[in-house]
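Single-structure report; data block below.
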Amino acid sequence: MKILMLGWEYPPHISGGLGTACEGLTTALARRGVEIDFLVPTLYGEEDAPHMHLLGAASGQAPHEAPPDAPTDRPDPFAVLRAADPALATDPIFMAALEAAEAEAAESGTAEVQMLRVPAMLKPYLDQATYQELVTTGTLPSVALEGMNDPESHPPLPAPPSTITGLQHAHVPGDHLPSAGESTSGTHYGENLFAEVARYALSATRRVAGRKYDLVHAHDWMTFPAGVEIARRAGAPLIVHVHSLEYDRAGHGADRDIVSIERQGLEHATRVIAVSYYTRSLIHRVHGTPLDKISVVHNGVYERETIQAYTEQRTSKGPVVLFLGRVTFQKGPEYFVQAAARVLEHVPDAVFIMAGSGDMLPRMRALVDKLGITKSFRFPGWLRGAEIERAFSTADVYVMPSVSEPFGIAPLEAMSYDRPVIVSKQSGVSEVLRNALKVDFWDVDKMASQIVAVLELPELRRTLIERAREEIRHIHWDAAAEKLVPIYQSVVRG
Amino acid sequence: MPSVCFYFEVHQPYRLKPYGAQQVGRDHDYFDDKLNAEVLRKVADKCYLPANYSMLRLIERTDGRFCISYAITGVAIEQMKRHAPEVMDSFVQLAETGAVEFIAETYYHSLAALYDTDEYEEQIEQQVALIEEEFGQKPRVFRNTELIYNDEIGRFIADLGFDAMLCEGADDILDWRSPNFVYTAAGREMRLLTKNYKLSDDIAFRFSNQAWAEYPLTADKFARWVHGHSGAGDVINLFMDYETFGEHQWRETGIFEFLEHLPDLLFTHPDWDILTPSQVIDRYPALGELPFHRTVSWADEARDISAWRGNAMQQRALSEIYSLGPAIRRRNNSHLLALWRRLQTSDHFYYMATKSASDGAVHDYFSPYEGPYDAFIHYMNVMKDLNRSVLAPVEKRIGI
């Protein structure tokens, strides 16, 4: 079986869990004999994927590799778009994005060459504050950084026509255009994301034109337009894989344009894959997709080669309760703070670490102040690499109070450090974990009670850790691939 | 002339309410009265009332040739009287037929046998008194909580004067022996009746399992299996939870029709009859001693006590509750004593078990039960409150 997989990122250059998930999933699929062409917007050259054929949509290919039936001239994006979906052609967001892409291409010769220079610095899951911090701490790839900081070498992308409301939110980080000030929705996205999504759709379609695939598998909304168009052209079935919904990231502040792209992908798909039952029911609720069209394939984790034998390097005397993640609406940081205040009534020397950054961080600092528990809180900011390892290995309990979490890999990581974890029931990962404490994100009394119990009862800690150690061995990507292959087969057979 | 012996366990615990850290020191009502009432009424409607009705009819129709035995825990009787008194009435009616034997156990369905023998004895006495009072019978036969048994427990019960005890017919205990004979406890004359777990579980667990090769299980088929043991045993002991009828196996599975037809089909073989445990030991001689080299129960694949103390949480909770014994007794307060004993009910510890396989448990999310860890947390918070709010103040006063 030969498939085309459309992704948005691939390790090591990742901004969230999607790239890691794609790596795990494709590795396990390849072990089952699935032949994969994996297409991402941009390749950096550091990717390591011996198990499949990794393609960059924007990477220049030798002309002889261009399929014979590929248009030799600049493609007409409008034609591509209308062909993909007549409804799309009336969608202002796409029209604008494609116009922008075309204008840019026209300016600098061929579209193909131009694509090469598009830095993949647009991180679909990051809010502006986090994004800024990533840039300043150098976590973002240097290529992208150069693109950011050096407008000379990479001329800024053309601004979208301001008459088109759908693009008003697409503004440069830290550079609020007055015209965009009214729109609060979508501010958690990077600059010109929509333009890049459309551009990806366009170049991806060209990149694989003439190739034969049994099916097309597209990961998350950014790749859905590309998936719809490629599947249509190839006459192949389309599988769309939902790792998170716009609703998860933004709640009721959801961006309606993204919601619309999600919906079109879901409607065109032969089959939908959700990373959890939680996400499956959310897709059904938000988009009305019939439940029997949606299959659940839980994520896996990579087995850690050796568990990091960190000596506990504590700076505090009391037990440590850890929150680690983006400090945004989706991650529920305020419930962590509220629970902390209640825990301190029982365990006065407990220390709470809120590691990460995001648009809610200032509010969280203020809330901690207001509750009078500043002395018990630490805000170390965005952690990386060894810092994350140390945070996990010196914590007594890890809490993920997410308001809406399609899957959530961090608790599994905490478990691999032998840490007890508390996860919200509004997370996909809570479906696959037995040996974690579970709580509704809003039930701060119960969350506090669970934290207190973990800190006070060694038998609880010991049992959680021992069982979890056993359990995470069974949450692996091979299990995911085992579920996915029969889905592929049934989709291909029609 | 071989026999079939039916024994049904009737038990409902006092379940704890979700009891968080915030409640410690403030809330001294530990049990979920609403839930307990609901469960009891539900089980009464689905199982106790219709099953009792079936049993009564069968007894009347066969003129007592169909006979059965029950163990009904004290905590179940308390709750029936409160929430479904008609269930108690129908058990009394069954007792009056003379074809029903009542078996003793601990009033609180506790694990006291493993922790506190004085306490164990008191809970047995309390239960025996209750059975006499409610049903007018003095039990001759004993069953320990969840058929938990070892030689030490056997000797203890024998020395209390019981004539027989029920236990699990575990393979490694029986070894080359058959469960279908009467044995004696190691070093005592007390008889042991061993459960035929194969045939018992065919009804209790596999009856409605469509993946089972023998599905559907008809009364006719089951009677033939029983008759197949002719000449190879004295008694087939069919021991199970009473909730098998209508609750574990829903009415829709046909379990009541199965029950309805079974006695007549068993009687189609002229050699076979049905006896209660006391009648069994009066008729059949013991074949020999049956020593238990380990503690056995009827729970889980392992048939051991790991269902209640297999992990560190369970062990902690159990040692916590039993360590309160001296302080509780010193108070000489019957209300407090009853409270302490309700907290000893084995179900609390069963809820803390972490053995079920991690795979395929995806829909725990929707389960009304919140899993072993929350069960432990609630229980330990209750312990904390009991220690702090109920016991500690008085200890202080005594100290002065």
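Each value in this text was obtained by applying a stated rule to the coordinates, not by laboratory testing. Note that the structure is a prediction, hence the values are computed from the model and not measured. Here Cβ is always computed from backbone atoms with ideal geometry, including for glycine, and neighbour counts include all displayed protein chains.
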_Using alpha carbons only: equivalent-ellipsoid semi-axes of region B:3-290, gyration tensor based, whole Å_ = 30, 25, 18
*Length released on extending from B:Asp163 to B:Ser319, taking residue separation times 0.36 nm less the Cα-Cα span*: 53.0 nm
*Mind checking the mean number of beta-carbon atoms from other chains within 10 Å of the Cβ atoms in B:370-376?*
6
*Any idea what the dipole of region A:320-472 comes to, in debye rounded to 20, about its Cα centre with Lys/Arg Cβ at +1 and Asp/Glu Cβ at -1?*
280
*State the extension gain, in nm to one decimal, for the chain segment bounded by B:Arg26 and B:Asn387, taking 0.36 nm per residue of separation less the distance between their alpha-carbons.*
128.7 nm
*Considering the zone a paramagnetic label at B:Ala232 would reach in this model (a point 7 Å from Cα along the Cα-to-Cβ line), which residues of region B:173-194 have amide N under 20 Å from it?*
B:173-183, B:194
*Extension gain (nm, one decimal) between B:Leu337 and B:Arg65, 0.36 nm per residue minus Cα-Cα*: 93.7 nm
*What angle, in degrees between 0 and 90 and rounded to the nearest 10, separates the Cα long axis of helix B:33-43 from the longest principal axis of the Cα atoms of chain B?*
10
*P(r) for region A:320-472: what percent of alpha-carbon pairs falls in each 5 Å bin, starting at zero?*
2, 10, 21, 25, 23, 14, 4, 1, 0
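Peptide A:453-464: average number of partner chain Cβ atoms within 10 Å per residue?
6
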*So what does the Cα-only Debye profile of region B:154-282 read at q = 0.12, 0.17 Å⁻¹, as log10 I(q)/I(0), no solvent term?*
-0.52, -0.97
*Peptide B:13-26: average number of partner chain Cβ atoms within 10 Å per residue?*
3
*Burial order of peptide ranges A:353-362, A:34-43 (average beta-carbon count within 10 Å, highest first)*: A:34-43, A:353-362
*Based on the Cβ-Cβ distance of B:Trp212 and B:Glu133, what FRET efficiency does E = 1/(1 + (r/R0)^6) give at R0 = 41 Å, to the nearest 0.05?*
0.45
*Just going by the charge dipole of chain B, with Lys and Arg at +1 and Asp and Glu at -1 on Cβ, which of B:Cys5, B:Tyr379, B:Tyr48 is farthest out on the positive end?*
B:Tyr379
_What FRET efficiency comes out for B:Glu189 versus B:Arg41 if R0 is 41 angstrom and r is the Cβ-Cβ distance? Round to the nearest 0.05._
0.40
*What's the center-to-center distance, using Cα atoms, between region B:135-205 and region B:220-286 in Å?*
17
*If you wrap a convex hull around the Cα atoms of region A:358-428, how much volume per residue is inside, in Å³?*
114
*Working from Cα positions, state the angle (0 to 90°, nearest 10) between the long axis of helix B:255-267 and the longest principal axis of chain B.*
40
*Which value at 222 nm does chain B reach when only helices count, each DSSP H run of 4 or more adding -39,500 (n - 2.57), with the total divided by all residues and rounded to the nearest 500 deg cm²/dmol?*
-13000 deg cm²/dmol
*Suppose R0 equals 25 Å; then what is the FRET efficiency for B:Tyr53 and B:Gln126 from their Cβ-Cβ distance, rounded to the nearest 0.05?*
0.30
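Beyond a 25 Å Cα-Cα separation, which of these cross-linked pairs lie in this structure: B:Lys34/B:Lys81; A:Lys438/B:Lys355; A:Lys375/B:Lys17; B:Lys138/B:Lys195?
A:Lys375/B:Lys17
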*Using alpha-carbon pairs under 8 Å, 6+ residues apart, how would you state the relative contact order of region A:320-472 in percent?*
25
_Acute angle (nearest 10 degrees) that the helix B:372-385 long axis makes with the longest principal axis of chain B, alpha-carbon atoms_ = 50
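So for chain B: antiparallel DSSP bridges make up what percent, rounded to the nearest 5?
Rounded to the nearest five, the antiparallel share is 15 percent.
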*asked:* Can you give me the distance in nm between label points at A:Arg233 and B:Val92, each placed 7 Å from the Cα along the Cα-to-Cβ direction?
replied: 8.5
*Take the alpha carbon atoms of region B:1-44, find their center, do the same for region A:344-408, and report the distance between the two centers in whole angstrom.*
39
